[in-house]
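The values are calculated or read from the model by the stated rules, or taken from the named source; none is laboratory data. These numbers were taken from a predicted model, which means no experiment stands behind them. Here the Cβ positions follow ideal geometry from the backbone for every residue, glycine too, while neighbour counts run over all protein chains shown. These accessible areas exclude ligands, DNA and RNA; they are computed on the full protein's heavy atoms, side chains included. Shrake-Rupley method; radii C 1.70, N 1.55, O 1.52, S 1.80 Å.
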Amino acid sequence: MNSQLNGPIAWLLALIAAAMMIFILAPLVVTVVISIGTSAFAAFPPRGFTLAWYGKVLADPEFQTSLIFSTVLALGATAGALLLGVPAAFALARHEFPGRGGAAAALLSPLIFPVLIIGVALLQMFAMLNSNNTPLNMLIAHVLVTMPYVVRTVTASLLLADTALEDAARTLGAGRWRVFRRITMPQIAPGVAAGALFAFMVSFDNFPISLWLADAQHNPIPILIFQRVASVFDPSIAAISTLMILFAMLIVVALERVIGLRRAVAI
Amino acid sequence: MAAINADTASASAHRSRAEWRRLTLERLVPATLLLPSLLFLAVFFALPALGLVSYSFLTQSPEGTVGLPLTLQHYQHFFGTPLYSRVLLITLRISLCTTAAGVLLAYPVALVMSRSPAAIRRIITMIVIAPLIVSVVVRTYGWQLILGNGPTGILNWILLTTGIAKTPIRLLYTETAVVIGSLHVFFPMMVLPLASALGKIDPRLEDAARTLGAGSWRTFRKITLPLSLPGLAVGCGLVFSLTAGSFVTPAILGGTGAQMLGMLVDQQILVVYDWPFGATVLVAIVLVVNILSNRVLSRRQMADSR
């Protein structure tokens, strides 16, 4: 712990920090509150309590299709990101070779590149190749944006894993595969799980890439919400949003349990 | 002692064998591990990005096919048309305001975060990070509810009910709304690097300054602030570039009242079908973002070398 703050400045800082916590939570809380109001328009203050908007949303076939598509897409993207990202993380964390820094930078580069551009560039390429398979195009795009998260968390957990244990196991006669299965895997499992959870959420939440590649039959939830914000004014959007918020909170708790939230984000 | 020596000898024999194996596999294994992911990146990231850049130098025929001759006319068009310069200016203004507001508001949060007992730090970290996992569209929708014009917007309802304002204020579809929304979306990107920079500062340095008679303000200005600059620079770079390249927040909160570059791209490509010009605007975004962020980063290097 660093030197504690004290005096009037400390109070001022604490006040600003508290105000910012309210600022951060406000739009989430407001969305939840609006979603359980009875008024036909998303307006404040809400009157009455109802869960009718949730019923309406859950019975909406368009929402159901979106939810299923988003979930399948996110699962596929996570699988793809793990498949490509975990071996890459091993190479980065466990091998010394020329160009390692460059490879690491390349693997993380989709993170710092404006996502808007990734979406447009892929749309252009798919159009040029006449690739009309929307789900496949979107899967490729989502693997691209989720892979860096897997690379980052898995590399970090590999670097933190104790290699002396692996050496010891090898010295005691365990083969490569056995060392990996019994020593390395249990140590990096939380990192891989956190990377997978993050990848799933990044894909599930993604808007700027899906915007370019989605079509009417394959409409992920964030796109559905975006389209409806401009055209639907009842609290059903708030209900969908609340479901998204609750789901995200579940993932937050899971991440905190698995690896610690601060380490999972690693900015 | 002898036993230990024997152990180390056998261990080092093992290690040398492992070393030998590692030497032969040194190149092959990492190459095999990296090949799929790097190939994937080359085909679906580098190639399309290059394709997009090349589009910005090509000509689109009236039939819509893009090809030669090479031209700089899209760039001239972009930088020479007042309408587009205005969009560029608005983008820069919104990104700068968001970054500045971010610095002023994130610094206290990061300070409190790094100087609090573990329990409080944990709560603040949770609150700062949790929204990162909520979709941008959802968060922006929440802001639309809060900032709504007319008496049913939540902020207006509060202002009217408490009597602070007599008539509803107009915030939605202004640049201010976009700044507020962007600040919310990118706030963690400012707080987290800043908090880790502040956490790394040796508390003895601040104690020493105070022992030597410096007041809290002077200690902050001479010790804490300079040592936190690397974190601040990373945060500024992230917030500025992410805001400049954003689409959702200006589209929902700004509308036509605060058109940014991202929306211009969307319009040019999905509405006008002008691919080369859309590509040009995207290249312009990357250029602007990189040049300005590099400025910040080189200043940070200066601060480091001091």
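Can you give the convex hull volume per residue for the Cα atoms of region B:89-134, as a whole number of Å³?
On the way: hull volume 2.9 nm³, N = 46.
Residue-normalised Cα hull volume stands at 64 Å³.
What does the charge count near B:Arg86 come to, summing +1 for each Lys or Arg and -1 for each Asp or Glu among other residues with Cβ under 13 Å from its Cβ?
Values: positive: B:Arg93; negative: B:Glu175.
Once all neighbours under 13 Å are counted, the net charge is 0.
Would you compute, for the Cα atoms of the protein assembly as shown, the largest minus smallest coordinate along each principal axis and list the three values in descending order, in whole Å?
89, 70, 52
Just the Cα atoms of region B:48-135: what Rg and Dmax do they give in Å?
Taking only Cα atoms of region B:48-135, I get Rg and Dmax of 22.7, 66 Å.
Per-residue HN-Hα couplings for region B:236-252, Karplus 6.51 cos²θ - 1.76 cosθ + 1.60 at θ = phi - 60°, whole Hz, x for Gly and Pro?
Each residue's phi maps through the Karplus curve to give 4, x, 5, 5, 4, 5, 5, 5, 5, x, 7, 10, 4, 4, x, 5, 7 Hz.
What percentage of the solvent-accessible surface of region B:113-246, computed with a 1.4 Å probe over protein heavy atoms, is contributed by carbon and sulfur atoms?
On the way: 3750 of 5480 Å².
Heavy-atom surface of region B:113-246 belonging to carbon and sulfur, 1.4 Å probe: 68 percent.
Could you sort A:212-218, A:125-131 so that the peptide with the highest average Cβ count within 10 Å comes first and the rest follow in order? Walk me through the numbers before you get to the answer.
Values: A:212-218: 16.7, A:125-131: 13.3.
Result, highest mean Cβ count within 10 Å first: A:212-218, A:125-131.
List, in order, the whole-Hz ³J(HN,Hα) value for each residue of region A:60-76 obtained from phi through the Karplus relation with A = 6.51, B = -1.76, C = 1.60 and θ = phi - 60°; use x for Gly and Pro.
Once θ is set to phi - 60°, the couplings for region A:60-76 become 6, x, 4, 5, 4, 4, 4, 4, 5, 4, 4, 5, 4, 4, 5, 5, x Hz.
About its Cα centre, how strong a charge dipole does region B:29-184 have in debye, to the nearest 20, once Lys and Arg get +1 and Asp and Glu get -1 at the Cβ?
620 debye
Can you pull the one-decimal nm distance between simple spin-label points at A:Ala254 and A:Leu165, each 7 Å off the Cα toward Cβ?
Each label point is offset 7 Å from its Cα along the Cβ direction, giving 2.4 nm.
Computed from the mean reciprocal separation of all distinct C-alpha pairs, what Kirkwood hydrodynamic radius does region A:60-174 have, in Å? Before the final figure, lay out each step's value.
Details: mean 1/r = 0.0606 Å⁻¹.
Answer for region A:60-174: a Kirkwood hydrodynamic radius of 16.5 Å.
Taking all pairs of distinct Cα atoms, average 1/r, flip it, and tell me the Kirkwood hydrodynamic radius of chain B in Å to one decimal place.
On the way: mean 1/r = 0.0421 Å⁻¹.
For chain B, inverting the mean 1/r across all distinct Cα pairs yields 23.8 Å.
With the convex hull built on the Cα atoms of region B:98-217, state its orientation-averaged projected area in nm². Intermediate values should be presented prior to the final figure.
Numbers: hull surface 40.0 nm².
Approximately 10.0 nm², given one-decimal rounding.
So with the 1.4 Å probe, I'd like the accessible area per residue for region A:40-193, rounded to whole Å².
Numbers: 7270 Å² over 154 residues.
It amounts to 47 Å² per residue over region A:40-193.
Across region B:150-233, what fraction of all alpha-carbon pairs, as a whole percent, falls in each successive 5 Å bin from zero upward?
P(r) for region B:150-233, in whole percents per bin: 3, 13, 14, 12, 10, 8, 8, 11, 11, 7, 2, 0.
So what's region A:12-106 giving for Rg/Rh, alpha carbon basis, Kirkwood Rh from the mean inverse pair distance?
Values: Rg = 23.1 Å, Rh = 18.5 Å.
On the Cα set of region A:12-106, Rg over Rh gives 1.24.
How many angstrom separate the Cα center of region B:83-158 from the Cα center of region A:85-154?
28 Å
Can you pull out the buried accessible area for chains A and B, both sides counted, probe 1.4 Å, rounded to the nearest 100 Å²?
On the way: alone 15580 and 18840 Å², together 26770 Å².
Answer for the A-B pair: about 7700 Å² buried.
Under Stokes-Einstein, with the Kirkwood radius over Cα pairs standing in for Rh, what whole-number D in µm²/s applies to region A:128-191 at 20 °C and 1.002 mPa s? Let's see the in-between values first.
Values: Rh = 14.3 Å.
The calculation lands on 150 µm²/s.
May I ask which residue of A:Ala17, A:Phe233, A:Val115 lies farthest towards the positive end of the charge dipole of chain A, with charges of +1 (Lys, Arg) and -1 (Asp, Glu) on Cβ and the Cα centre as origin?
Of the candidates, A:Ala17 comes out farthest on the positive side.
Modelling each spin label as a point 7 Å along the Cα-to-Cβ direction, I'd like the B:Gln60/B:Thr32 distance in nm, to one decimal.
4.7 nm
Give me a single rounded figure for B:180-189: the average over its residues of other chain Cβ atoms within 10 Å of their Cβ. Write down the numbers at each step before the final one.
Numbers: counts 2, 1, 0, 3, 6, 1, 0, 3, 3, 1.
Mean shielding by partner chains, rounded to a whole number: 2.
Which residues' amide hydrogens lie under 5 Å from the amide hydrogen of B:Ala165, considering only partners 5 or more residues apart or on another chain, with H built in the peptide plane?
B:Leu160
Once you list every other residue whose beta carbon is under 10 Å from the beta carbon of A:Ala174, what net charge do they have if Lys and Arg are +1 and Asp and Glu are -1? Working shown, then result.
Numbers: positive: A:Arg170, A:Arg176, A:Arg178, A:Arg181, A:Arg182; negative: A:Glu166.
Charge balance in the 10 Å sphere: +4.
Sorted by average packing, counted as other Cβ atoms within 10 angstrom per residue and highest first, what order do A:26-37, A:149-160, B:31-42, B:108-119 take?
Details: A:26-37: 21.0, A:149-160: 23.4, B:31-42: 17.4, B:108-119: 19.3.
In descending order of packing, they fall as A:149-160, A:26-37, B:108-119, B:31-42.
Where the eigenvalues come from the Cα gyration tensor of region B:208-259, what are the semi-axes √(5λ) of the equivalent ellipsoid, largest first, in whole Å? Walk me through the numbers before you get to the answer.
On the way: eigenvalues 324, 28, 6 Å².
They are 40, 12, 6 Å, listed largest first.
When ligands, DNA and RNA are left out and all protein chains stay put, how many square angstrom of accessible area per residue does chain B have with a 1.4 Å probe? Numbers along the way, then the final one.
Values: 15020 Å² over 306 residues.
The answer is 49 Å² per residue.
Quick one: divide the alpha-carbon radius of gyration of chain A by 2.2 N^0.38 Å and tell me what you get. Display every interim value, and only then the final one.
Values: Rg = 22.5 Å, N = 267, 2.2 N^0.38 = 18.4 Å.
Taking the Cα Rg and dividing by 2.2 N^0.38 Å, one obtains 1.22.
Considering every residue in B:107-117, what mean count of other chain Cβ atoms within 10 Å of its Cβ is obtained?
Values: counts 3, 10, 9, 2, 8, 10, 1, 3, 8, 6, 2.
Mean partner shielding for this stretch: 6.
Residues with amide H under 5 Å of B:Leu172's amide H, sequence separation 5 or more or different chain, H placed in the peptide plane at 1.01 Å from N; which?
Under 5 Å from the amide H of B:Leu172: B:Asn149.
Taking each residue of B:242-248 in turn, how many C-beta atoms of other protein chains fall within 10 Å of its C-beta, and what is the average? Please list the in-between numbers first.
Values: counts 3, 0, 1, 6, 4, 8, 7.
So the per-residue partner count for this stretch is 4.
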